[in-house]
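To start, the structure itself, in structure tokens.
Every number in this text was worked out from the coordinates using simple rules, so none of it is lab data. All figures in this text were calculated on a predicted structure; none of them were measured in a lab. Because the Cβ atoms are built from the backbone with ideal geometry, glycine has one as well, and the counts that use them run over all protein chains shown.
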Amino acid sequence: MTPNEWFFGLVVLMIVVIIIKGFFSNSASIPIVKSYNSSTMRDSSPQIKSADTIEKPSNWSYDTVKDEMTSGTVIMAKTEATNTFEFNAPYDGYNGAEIEIRRIRGVTDVILGIQKGQFIGGVEGQNIKVRFDQKRYSEYFCNPAADYDPTILFIDDTGDFIEHLKYAKQLRIEANIYDNGFQQFVFSVDGFKWGSSKKRKSKKNSHGGIDYGFVVSLPQNGKVPPKKKGYIALTGRNRNGHDTVLYIKGEE
């Protein structure tokens with residue numbers, strides 16, 4: 001091989017090396033882009049519910065059981081007092097209270113109970129003080145249990161009591177306890193649901209008291225409901241001092 005041929009071959013080899021080096025250098029500088037299908041991409045951000053969509057836990061427990069005698073249904077709603085208390089011996093130690101709404105065989109009862117101790121009243125019953133939210137307290141008469149169980153009272157005027165309960169957030173009850181004086185029980189009753197808004201006919205409860213289902217309690221704003229065609233609206237207070245409206249069939 002002549003010197004000229006050798007030199008020419010060396011130049012060609014150098015050109016080939018430069019071309020190959022430039023190719024790999026450009027390939028390394030090209031960014032790698034991954035392609036994703038938007039339908040398969042996962043959002044790793046936490047799912048936060050707005051305050052309006054978060055359901056608040058209810059303080060009420062509801063239950064239905066079969067009445068084996070009539071094959072009907074017994075409906076119950078219960079809530080426990082948020083405060084606890086201690087009585088004198090022999091009823092010392094932890095003690096709690098409970099409100100139960102019960103409907104059986106077409107009759108609705110409101111029952112106040114304590115775990116231990118004795119409500120004063122015996123066979124005659126007693127008046128208790130009841131306050132819904134920050135309203136003025138009212139007095140409700142309570143009947144004893146049919147078997148004279150001293151730990152429970154049946155609150156009279158059930159229709160009125162339940163109607164106020166539906167719109168209340170807090171319920172405070174003061175009752176007289178044997179050898180322990182007047183005690184207050186506090187209940188968180190927000191979210192209570194019971195029955196329908198339809199008016200019911202008046203009937204006696206299981207302890208002989210009148211269930212004022214036909215009496216319409218005044219709204220919280222105190223305004224009298226609009227007139228109903230064919231009815232006379234009588235406003236006033238019932239025996240427990242509650243503002244009510246009684247609709248009587250007839251023309252004014």
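Among what's in the stretch 124-183 and is aliphatic (A, V, I, L, M) and in contact with a Lys or Arg (Cβ under 9 Å, 6 or more places away or on another chain), pick the residue that is surrounded by the fewest Cβ atoms within 10 Å (Cβ to Cβ).
Among residues in the stretch 124-183 that are aliphatic (A, V, I, L, M) and in contact with a Lys or Arg (Cβ under 9 Å, 6 or more places away or on another chain), the one surrounded by the fewest Cβ atoms within 10 Å (Cβ to Cβ) is A168.
Might you check whether a residue that is more than 30 Å from K66 (Cα to Cα) and out of contact with any Gly (no Cβ under 8 Å at 6 or more places or on another chain) occurs anywhere in the stretch 142-165?
Among the residues of the stretch 142-165, not one is more than 30 Å from K66 (Cα to Cα) and out of contact with any Gly (no Cβ under 8 Å at 6 or more places or on another chain), which makes the answer no.
Wholly within the stretch 68-176, which strands (runs of 3 or more DSSP E) include no fewer than the required count, namely at least 2 residues that are of a type in the set (S, T, N, Q), over 28 Å from S58 (Cβ atoms) and in contact (Cβ under 8 Å) with a residue 12 or more places away in the chain?
In the stretch 68-176, 126-132 are the strands (runs of 3 or more DSSP E) which contain 2 or more residues that are of a type in the set (S, T, N, Q), over 28 Å from S58 (Cβ atoms) and in contact (Cβ under 8 Å) with a residue 12 or more places away in the chain.
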